[in-house]
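To start, the structure itself, in structure tokens.
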Amino acid sequence: MRALALCFLVTASSGSPAAAQLRGHGGPVRALAVAPGGAVAISGGFDQAAILWAIDSGAALTVLRFHDGAVNAVAALSDGAFVTASEDGRIALWRAGQPEPERVFTEHSGPVAALAVSPDGLLLASASWDGTARIRPLTGGPVRVLAGHQGNVNAVGFLPDGRPVTAGYDATLRIWPQADDPAGVTIVFTLPTILNALAVMPDGEIAVAGGDAVVRLLRPDGSARASVNVGPNPVIALAPSPDGSRIAAATAGGAVAVIDRRSGAILHRLVGPGLPVWSIAWRPDGQELLTGGSDRLIRRWDARTGEPIGPLAMPRPADALAVYHGDRGAEVFRACVACHALTSEDGPRAGPTLAGIMGRRIATATGYRYSDALKGMDIVWDARTIAQLFEVGPARYTPGTRMPEQTINRAEDREALVKFLEHATTTR
């Protein structure tokens, strides 16, 4: 296993002002969780790192570098341990101060998108793009496989009675029977949109949301109680307040809606720099929210007023494509820029830098940890192979890749992308 890299440890004096933003990730902040005591948070990023934070001082206590892909999900356990899960399909359980993960779970064959801990703290659930969710006892024992979704499983949770709940790209919400109920039946509800996120309230009500930007509140039997439109952009993440009275919904447009669950009214909208907000977490007292987004920052908010805590810096990452304005290939590449840099100075993100890609053998860029499947392929990147990659899709052209599945249907757009890469990635 790769060693855990220790970062700087900074302690703030009791009189120091609160840190408004937590800075340290080299890419979008994909996942957030707050430890039960409320002083420490863990975040996961597209930069393949997880970071432990002292929230009030804004200090990065430890940087965990183990995964071979974006860290998509994190969880904090009641005994002080942390869990990270990644695009590489692996789940790692960490103890503070230990140089390596205490345990690594490798049952999934695709990226892990979400984690959840059962109400009694004994079970860890994971949702994966391999089409399954899996439930594992944290004390050891057989892993339960929940199979039935037709496509990516994007979210997972537990009802108060311990039954797992999942939601996925197939627009279904599924409530699974308990493991010790052999006669139990899975309850399936089909909703009108792909589902990205779910949250279970202390009383068992389920909030679920996705592509149509509507947060739906469902009773444990699946019947709808209320719906809240937080649009116009899709909802990426949901988080209930500790007492269950409010729900925070993060969107791809950058705003976060704080919803009063009983009335269904939007209490506040937390407005940042207008970039996607990927993750949300509440501090245990319910008075503060943390958000993580594409600006690579973790921001702190007063959940009672919707105002930022401390000065609200509004930096947007420099637009690497601004100098290519009007170039059709650059516009096509814009869908790739969150995961790939064009220059070696920017280094790897969720994917390797593309600097010098033309004529480079697959899986050989320095500074990036490739999957074993790619290391054994005989592909050299050039105009022909890059065009083929996007004509047939990464899953078929480079089986075993962790790259999200995507194709470029128009030959003209593939040609424009190749021409753009030929001049934008040339190393000098």
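Yes/no per residue for (1) buried (at least 18 other Cβ atoms within 10 Å of the Cβ); (2) modelled with pLDDT of 80 or more; (3) out of contact with any strand residue (DSSP E or B) (no Cβ under 6 Å at 6 or more places or on another chain); (4) under 26 Å from S294 (Cβ atoms):
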{"residue": "A320", "(1), (2), (3), (4)": "no, no, yes, yes"}
{"residue": "A341", "(1), (2), (3), (4)": "yes, yes, yes, yes"}
{"residue": "P348", "(1), (2), (3), (4)": "yes, no, yes, yes"}
{"residue": "G351", "(1), (2), (3), (4)": "yes, no, yes, yes"}
{"residue": "W381", "(1), (2), (3), (4)": "yes, yes, yes, no"}
{"residue": "P394", "(1), (2), (3), (4)": "no, yes, yes, yes"}
{"residue": "A424", "(1), (2), (3), (4)": "yes, yes, yes, yes"}
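Just one of the listed residues (A226, A239) is in a strand (DSSP E or B), in contact (Cβ under 8 Å) with a residue 40 or more places away in the chain and either at negative phi or of a type in the set (V, I, T) (or both), namely A239. Only one of the numbered conditions (1) surrounded by 15 or more Cβ atoms within 10 Å (Cβ to Cβ); (2) more than 28 Å from D212 (Cα to Cα) is violated by E288, and that is (2). Scanning the stretch 252-261 for residues that are within 12 Å of V228 (Cβ to Cβ) and not small (G, A, S) turns up V258, I259, D260, R261. Within the stretch 358-386, the residues that satisfy the criterion of being in a helix (DSSP H, G or I) and out of contact with any Phe, Trp or Tyr (no Cβ under 9 Å at 6 or more places or on another chain) are D372, A373, L374, K375, A383, R384, I386. Candidates are the residues of the stretch 147-158 that are buried (at least 20 other Cβ atoms within 10 Å of the Cβ) and aliphatic (A, V, I, L, M); the one that is nearest to the chain's Cα centre (by Cα) is A155. Identify all residues within the stretch 17-55 that are assigned to a loop (DSSP other than H, G, I, E, B) and either out of contact with any strand residue (DSSP E or B) (no Cβ under 9 Å at 6 or more places or on another chain) or of a type in the set (V, I, T) (or both); write none if there are none. Passing the criteria: P17, G37, I55.
Restricting attention to the stretch 108-127, the residues that are within 19 Å of the chain's Cα centre (by Cα) and over 16 Å from V200 (Cβ atoms) total 6.
If you check G211, G204 for being touching a Leu at 6+ places or on another chain (Cβ under 7 Å) and either of a type outside the set (D, E, K, R) or within 21 Å of S86 (Cα to Cα) (or both), only one passes: G204.
The values are calculated or read from the model by the stated rules, or taken from the named source; none is laboratory data. All of these numbers come straight from a predicted model, not from anything done at the bench. Positions of Cβ are backbone-derived with ideal geometry, glycine not excepted, and every protein chain shown enters the neighbour counts.
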